[in-house]
Amino acid sequence: MKKIPTSARALVRRYHDCRREHGPQSAAALQLAQLLADRASDDCDWRKAGLWFGRMLDPADGAALAGNARNYLRLSHALRQLCALRLREKNYAQAQAYAQRDLELVGKYAGPDHELTATSLENLADLAEATGDRPAARAWRERLVAVLQRNYGDRDPRVKFARAQLQSGS
């Protein structure tokens, strides 16, 4: 890949060139879209960040992953960021859809016990709590605790914190 430019305008131009040359879901196009989305997030320009993260998912997750399974990390990142943006907007239905897609993607490519799976489960539990669905939040938190225990053991602070959240939600 060519050297990545630093100005936003040059990044956008390079992004469109990459899409034309290599396709919308090429590693270079995904990397540039992620840079632009992260830059917009840092500037608290949530609408623009949402647009760029959305472009990372265009046209479909599966098409992107067919060529390069490593792209799942970028796509998972985009889904988590879009979930957070929709949660900030109180658009819970769309946030839930992004979180579910992220969990499916991470589960398929990283495995059911991966750290990102735990992050996805935590996002789904937080969403369920935000919408007042306590039984669903409890179910997601139980799965989260199980994944964390398998990864880190009972004494890890992450496991203790997740268990405390599970107990406080009862």
Next item on the list: Determine whether A118 is surrounded by 15 or more Cβ atoms within 10 Å (Cβ to Cβ), under 14 Å from the mean Cα position of the chain (by Cα), within 23 Å of A33 (Cβ to Cβ) and not basic (K, R).
Entry: no
Next item on the list: Pull up region 86-125, narrow it to residues that are among the acidic types (D, E) and part of a helix (DSSP H, G or I), then point me to the one that is nearest to S168 (Cα to Cα).
Entry: E122
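Every residue, every condition in (1) over 27 Å from E129 (Cβ atoms); (2) among the acidic types (D, E); (3) at pLDDT 70 or above, yes or no:
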| residue | (1), (2), (3) |
| --- | --- |
| T6 | yes, no, no |
| R9 | yes, no, yes |
| Q25 | yes, no, no |
| A28 | yes, no, no |
| L57 | no, no, no |
| R80 | no, no, yes |
| E89 | no, yes, yes |
| Q94 | no, no, yes |
| L103 | no, no, yes |
Next item on the list: Those residues that are of a type in the set (K, R) and either loosely packed, with under 14 Cβ neighbours inside 10 Å or not in a helix (DSSP H, G or I) (or both), I need them from region 126-159; list them, please.
Entry: R134, R150, R155
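The values are calculated or read from the model by the stated rules, or taken from the named source; none is laboratory data. Here the structure is a predicted model, which is why all the values come from computation and not from measurement. So basically every Cβ, Gly included, is an ideal-geometry build from the backbone, and we count neighbours across all protein chains shown.
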